[in-house]
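Report on the following structure.
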2 protein chains.
Amino acid sequence: MNKENAERVQAGTDAEPVILKLEEFLPYRLNVCATLVSQALSRIYIDRYRIGVPEWRVLVTLGQYGVMTGKQIGIHSTMHKTKVSRSVALLERRKLVARRANRNDLREAFLSLTPAGEEIYREAAPIALEFGRQLLDVVDPADRPALDRALKRLTDRSAQLTADLAKDPAHR
Amino acid sequence: MNKENAERVQAGTDAEPVILKLEEFLPYRLNVCATLVSQALSRIYIDRYRIGVPEWRVLVTLGQYGVMTGKQIGIHSTMHKTKVSRSVALLERRKLVARRANRNDLREAFLSLTPAGEEIYREAAPIALEFGRQLLDVVDPADRPALDRALKRLTDRSAQLTADLAKDPAHR
DNA sequence: TATTGTTATACTCTATAACTATA
DNA sequence: TATAGTTATAGAGTATAACAATA
């Protein structure tokens, strides 16, 4: 208890002071957890293939779906179109992603992995999955469905909160 | 299913191809969740007080403990000493944090909130706590202990993995 | 007019190492 | 020699807006 709170208690002030305990604060805990997990995982693809998180997401998305437009990649990997655009450009320069025009809508293009891109994907995906498995291994199997539900709810709720704040600048 | 997998199935290849589903991949889900939560929360202190996440953590840590050295702040808020140093410097310039020399060890100093800093803390902490409460509200009460345990385990495990990788560069 | 995607800009954030002062 | 903290540097990542092409 810090000085001020000790004083409050001593003085018998009825309003309990609010103490925010960082180590129990959910946003902080989520942030630390996600950062550490991301850091550990990124060693796999950053050190091996010299690509960052956005490029990794594009690679994995194309590995999962085969062919996609930039917009679709952005939706599926929750990335802004500029981030997708730059990641795709980098992967194209490395000959890991190929582009094919959509004749029905020339604004967009169909993106897919090249054979080299698929090779990396086939090599990296099992390692990443194994990493994910090892990670989940430390969570009690009985707790896993709850974790799954909680992450879903928290993600939806914070996305909604962010959207609300963006729409209503007065709340800031 | 993408082209290659369809081919594999058609050819009757026995080795099932590994498909990494981003939306089910725990590291990705944690990252998206934490980013959205952090984004929503930071509106509270970034827009109100013009400070970033590191400064916020220092403020909250000092609000919680009253007096601390830079090193202690770093440990408690999982921040590197350079990040702590710069955050403290910024908060000092804004007269929100004060520094008092430790006569027993002149390398470090005792840091604490100024009255102005405490005022901001008293104003912001309840808002942050309310935010955290609203967030947790969407999680089924029955799922909360599991979420708590899971986050703890995942954080410990990934910290350990990162430490292992840092020690053993051959694994990269 | 709206949408897809790219580019430019400026800004913030980060990691690392080098350094100072003290122990 | 080791530790607490600061500063320098460079690189990475970010957000925003402006833009071009197409619908």
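The values are calculated or read from the model by the stated rules, or taken from the named source; none is laboratory data. In this text the structure is predicted, and so the values were computed from the model without any measurement. Cβ atoms come from the backbone with ideal geometry, glycine included; neighbour counts cover every protein chain shown.
No other residue among B:E130, B:E108, B:E55, B:E123 is within 11 Å of DNA strand C (Cβ to nearest atom), under 30 Å from A:A163 (Cβ atoms) and among the acidic types (D, E) apart from B:E55.
If the condition is being among the small types (G, A, S) and at pLDDT below 95, then segment B:133-148 contributes no residue at all. Quick check on this structure: which one of B:A101, B:A116 is touching a residue at least 12 places away in the same chain (Cβ under 8 Å), surrounded by fewer than 17 Cβ atoms within 10 Å (Cβ to Cβ) and either more than 7 Å from chain A (Cβ to nearest Cβ) or more than 8 Å from DNA strand D (Cβ to nearest atom) (or both)? Result: B:A116 is the single residue among B:A101, B:A116 that is touching a residue at least 12 places away in the same chain (Cβ under 8 Å), surrounded by fewer than 17 Cβ atoms within 10 Å (Cβ to Cβ) and either more than 7 Å from chain A (Cβ to nearest Cβ) or more than 8 Å from DNA strand D (Cβ to nearest atom) (or both).
Scanning segment B:33-56 for residues that are buried (at least 20 other Cβ atoms within 10 Å of the Cβ), facing another protein chain (nearest Cβ under 7 Å) and either out of contact with any Leu (no Cβ under 8 Å at 6 or more places or on another chain) or within 30 Å of B:G117 (Cβ to Cβ) (or both) turns up B:A34, B:L36, B:V37, B:A40, B:L41. Of the helices (runs of 4 or more DSSP H) lying entirely inside segment B:58-170, those containing at least 2 residues that are under 30 Å from A:P141 (Cβ atoms) span B:115-137, B:144-167. Take A:R107 and tell me if it is modelled with pLDDT of 95 or more and more than 13 Å from every other protein chain (Cβ to nearest Cβ). When the stated conditions are applied, A:R107 passes them. Taking segment A:57-73 as the search range and keeping residues that are within 17 Å of the chain's Cα centre (by Cα) and within 12 Å of chain B (Cβ to nearest Cβ), which one is surrounded by the fewest Cβ atoms within 10 Å (Cβ to Cβ)? Only one residue tops the list, namely A:Q64.
A:R157 falls short on exactly one of the conditions (1) away from DNA strand D (no atom under 16 Å from the Cβ); (2) under 16 Å from the mean Cα position of the chain (by Cα); (3) more than 13 Å from chain B (Cβ to nearest Cβ), and that condition is (3). Is segment A:71-82 home to any residue that is under 16 Å from A:G117 (Cβ atoms) and away from DNA strand D (no atom under 11 Å from the Cβ)? Yes, some residue in segment A:71-82 is under 16 Å from A:G117 (Cβ atoms) and away from DNA strand D (no atom under 11 Å from the Cβ). The C-beta contact set for segment A:81-97 (first residue more than 14 Å from every other protein chain (Cβ to nearest Cβ), second residue near DNA strand C (Cβ under 9 Å from one of its atoms) and not in a helix (DSSP H, G or I), distance under 7 angstrom, 6+ apart or interchain) comprises A:V88/A:L111; A:E92/A:R99. Output the residue which, of all residues in segment A:119-138 that are hydrophobic (A, V, I, L, M, F, W, C) and over 20 Å from the mean Cα position of the chain (by Cα), is farthest from the other protein chains (Cβ to nearest Cβ). By that ranking, first place goes to A:I120. Scoring B:Y45 on the criteria (1) within 12 Å of DNA strand D (Cβ to nearest atom); (2) under 12 Å from B:A124 (Cα atoms) leaves a single failure, condition (1).
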